[in-house]
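**Q** I am attaching a structure below and will ask some questions about it afterwards.
The values are calculated or read from the model by the stated rules, or taken from the named source; none is laboratory data. All of these numbers come straight from a predicted model, not from anything done at the bench. FYI the Cβ positions are ideal-geometry reconstructions off the backbone, even for glycines, and counts take in every protein chain you see.
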DNA sequence: ATTACAAATGATAATCATTATCATTATCGC
DNA sequence: GCGATAATGATAATGATTATCATTTGTAAT
């Protein structure tokens, strides 16, 4: 969260810290949700921060490569992004009817189980796992 | 797999069994992989089954709603489809470098764990879970 | 079988998210 | 502050998916 942290991260990746990038990160810190590129763009516009849509896309991509954000997909045709929090991940409950999404922080049992599972898969398939995503689909409170 | 099964399924959903639909299902039975709409279209063309691309999309969608196929997304910008197998699901290992995907059948420990987890989430969030998807991202054998 | 009618299809235009282009502007190490 | 170079903005291009609509096909009833 502190600006100094971002500065260090950008320096490490040999990227410049620009006002657009800072503004985009602020949106995520305030909203703390999964946001689409368009939503980030609109949010910035609403705050009188004029950042072109192409720049939004470019930076969401960059921040994802840097590991600061990660991409999630709920099946509605657009990519969403959210802040990466380690070691606690966000898992998602997606409503098949209204499309609403509940983010929940991984339960402790889950972290432990998945950690063991990753080791197993690592040896079984010789695949070095770096991250995971889990989606549950069904009916939310309102739609069930 | 037997044609009779599809007939029953389509009758149940009050849908007609057409040659396109049958041809599409045959592609999935032969290839037994996650396929994009374009891949299904090409596969049919290769077999001299002329099915329009719009029809492919329409039917992939229909078959998904019917629960015969399900959609998976690997972050490459296009949706893929694969045959639904219950109670054993396919989970996926996606390579961050080359984009290749390994499908593996859920391990027994996984099924058991997820089943318990779903009950827990059901009561905790009052969300009726119908299915789940799990993706692991990392580096495959060749890229690690 | 034939008919009748709704559902399905094919060709293609339209849409919409994302990416590429390129001239202009801003950042940062010196 | 300067200069090299990365970043940005405006917008055109791309590519997957969806909508349109005239024609064809499947099916239930005759």
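**Q** Given the options A:50, A:16, name the one that is away from chain B (no Cβ under 14 Å), over 13 Å from the mean Cα position of the chain (by Cα), without any contact (Cβ under 8 Å) to a residue 24 or more places away in the chain and within 10 Å of DNA strand C (Cβ to nearest atom).
**A** A:16
**Q** Out of the stretch A:66-89, which residues are over 20 Å from residue B:79 (Cα atoms) and free of Cβ contacts under 8 Å to residues at least 24 places away in the same chain? Can you show your working first?
**A** Initial filter on the stretch A:66-89 (over 20 Å from residue B:79 (Cα atoms)): A:66-69, A:82-89.
Across the stretch A:66-89, the qualifying residues are A:67, A:84, A:85, A:86, A:88.
**Q** Among A:60, A:78, which is buried (at least 19 other Cβ atoms within 10 Å of the Cβ) and within 14 Å of DNA strand D (Cβ to nearest atom)?
**A** Within the list A:60, A:78, the selection yields A:60.
**Q** Could you tell me which residue of the stretch B:20-39 is farthest from the chain's Cα centre (by Cα), considering only residues that are within 10 Å of DNA strand D (Cβ to nearest atom) and away from every other protein chain (no Cβ under 14 Å)?
**A** By that ranking, first place goes to B:20.
**Q** All but one of (1) modelled with pLDDT of 95 or more; (2) outside any helix (DSSP H, G or I); (3) in the same structural domain as residue B:139 (by TED's automatic domain parsing) hold for residue B:71, so report the exception by its number.
**A** Looking at each condition in turn, residue B:71 falls short on (3).
**Q** Let me ask you something else. In the stretch B:2-21, what count of residues is obtained for those that are surrounded by 15 or more Cβ atoms within 10 Å (Cβ to Cβ) and in a helix (DSSP H, G or I)?
**A** 5
**Q** May I ask you to list pairs of residues, at least six apart or on different chains, whose Cβ atoms are under 6 Å apart, with the first in the stretch B:116-134 being within 7 Å of chain A (Cβ to nearest Cβ) and the second being loosely packed, with under 13 Cβ neighbours inside 10 Å?
**A** Going by the 6 Å Cβ cut-off, the qualifying pairs are B:126/A:141; B:128/A:144.
**Q** If we scan the stretch B:39-57, do we find a residue that is surrounded by 14 or more Cβ atoms within 10 Å (Cβ to Cβ), out of contact with any strand residue (DSSP E or B) (no Cβ under 9 Å at 6 or more places or on another chain), over 18 Å from residue A:72 (Cβ atoms) and modelled with pLDDT under 95?
**A** Yes, the stretch B:39-57 contains at least one residue that is surrounded by 14 or more Cβ atoms within 10 Å (Cβ to Cβ), out of contact with any strand residue (DSSP E or B) (no Cβ under 9 Å at 6 or more places or on another chain), over 18 Å from residue A:72 (Cβ atoms) and modelled with pLDDT under 95.
**Q** Please work out if residue B:139 is farther than 23 Å from residue A:136 by Cα and not assigned by TED's automatic domain parsing to the domain that holds residue B:13.
**A** Taking the combined requirement at face value, the residue satisfies it.
**Q** Taking the condition more than 11 Å from every other protein chain (Cβ to nearest Cβ), surrounded by 17 or more Cβ atoms within 10 Å (Cβ to Cβ) and in contact with a helix residue (DSSP H, G or I) (Cβ under 9 Å, 6 or more places away or on another chain), does residue A:70 pass?
**A** Here the answer is no, as residue A:70 does not meet what is asked.
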